Amino acid sequence: VEARNRLIEFDLKLVDVARRRFGAAEVSEIDVNMAQLDLERIRQERALLLSDKAAQTDHLNLLLGRTAAPALALDEALPATETFPALPELQRRALETRPDLRSALLKAERAHADTKLALSERWEDWTVGAGVERSRSVIEGAPPQSSNNSLALSLSIPLPLADNKQGRIEETLASGAQANAQIAALRHSIGSEVASNLAEVRRLQQSTLDYQRTLIPMSERNLTLVQQSYGQGQLTITEVVQAARQQSDLNVSYLSTLNLYLQALAKLRTTTGEYLR
């Protein structure tokens, strides 16, 4: 929208110059009409962009569970040129904070604990018993007999001859091996993902800086020179409109590159777990 506003400002000046030159019989009415048509084209583009922005704002309100009123305040400031940490540091951060890797580590710990439990369950509980027994014999016609006292001890040790939990043990061992393999795969993929995203961010960042520092200022300077040359009668209106459209196309290309850079930057922050801190 801001880029279109700048072009509208330029086209307004162009229309004014064309009308003054037409009034001085230096150009034909075609110049005025062409300048006016280009101005209206840019205004229509701006109207479509404002409509698209309103639709995106409504969608964002919906995602946030908000109504359209009050208006959603957005921080529209673009991120400053960033200096990123070295690749090993970003990879280390990712390995420390990524939730998918944490989940895999917890699965491995649980599988190890399940294995220890299954091994302990191979043997049933031992049973130890102790008791005191007193008995007395009775013989008819004989004097009373003395009592017999005895101490009884018992130990029951179940032997796992039929069920030694081997299936359960193998299952937990397989779960542990699967979790360890998943951890190794995640460590490798996270490292590669961070390296790829960082390279993409740096490439798009450099392209964005080239637009900001060189291409956009050069194009704006060229547009000013073209406008001045037309006012002096050195260029035709067609050449001026072509220069304005070239400026418009360059702005679109720059904004597309900036959009890709911001998306890559957000992806890098997600990959390294920065949003979880």
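GNM remark for the chain: springs join alpha carbons under 10 Å apart, and the peak mean-square fluctuation among ASP58, ASP31, ASP210 falls on ASP58. Exposure check, 1.4 Å probe, all protein chains in place: LEU153 carries approximately 140 Å² of accessible surface. Take every pair of alpha-carbon atoms less than 8 Å apart whose residues are at least six positions apart; their mean separation over the length of the chain yields a relative contact order of 23 percent.
Computed extension gain for GLN232 through GLU121, at 0.36 nm per residue and net of the alpha carbon distance, reaches 30.2 nm. Per residue, the stretch 181-241 exposes 55 Å² of accessible surface when a 1.4 Å probe is rolled over the protein heavy atoms with every protein chain present.
Separation of the stretch 179-235 and the stretch 17-41, taken as the distance between their Cα centroids, equals 37 angstrom. Carbon-plus-sulfur accessible fraction, the chain (probe radius 1.4 Å, protein heavy atoms only): 55%.
Take the stretch 35-107 with all the other protein chains still there, run a 1.4 Å probe, and you get 70 Å² of accessible area per residue. Dipole magnitude for the chain: about 400 debye, using +1 per Lys or Arg Cβ and -1 per Asp or Glu Cβ, origin at the Cα centre. For ASP52, the solvent-accessible surface with a 1.4 Å probe is about 80 Å², rounded to the nearest 10. Label positions at LEU215 and GLU133, each projected 7 Å from the Cα along the C-beta direction, are separated by 10.1 nm. Surface listing: PHE22, PHE84 arranged by accessible area from highest to lowest gives PHE22, PHE84, probe 1.4 Å.
Secondary-structure-derived ellipticity at 222 nm for the chain, considering helices only, amounts to -24000 deg cm²/dmol, per-run term -39500 (n - 2.57) for DSSP H runs with n ≥ 4.
The values are calculated or read from the model by the stated rules, or taken from the named source; none is laboratory data. Just so it is clear, the model here is predicted, and its values are computed rather than measured. Cβ coordinates were reconstructed from backbone atoms using ideal geometry, including for glycine residues, and neighbour counts include every protein chain displayed. Areas reflect the complete protein model, heavy atoms only, side chains present, ligands, DNA and RNA absent. Shrake-Rupley method; radii C 1.70, N 1.55, O 1.52, S 1.80 Å.
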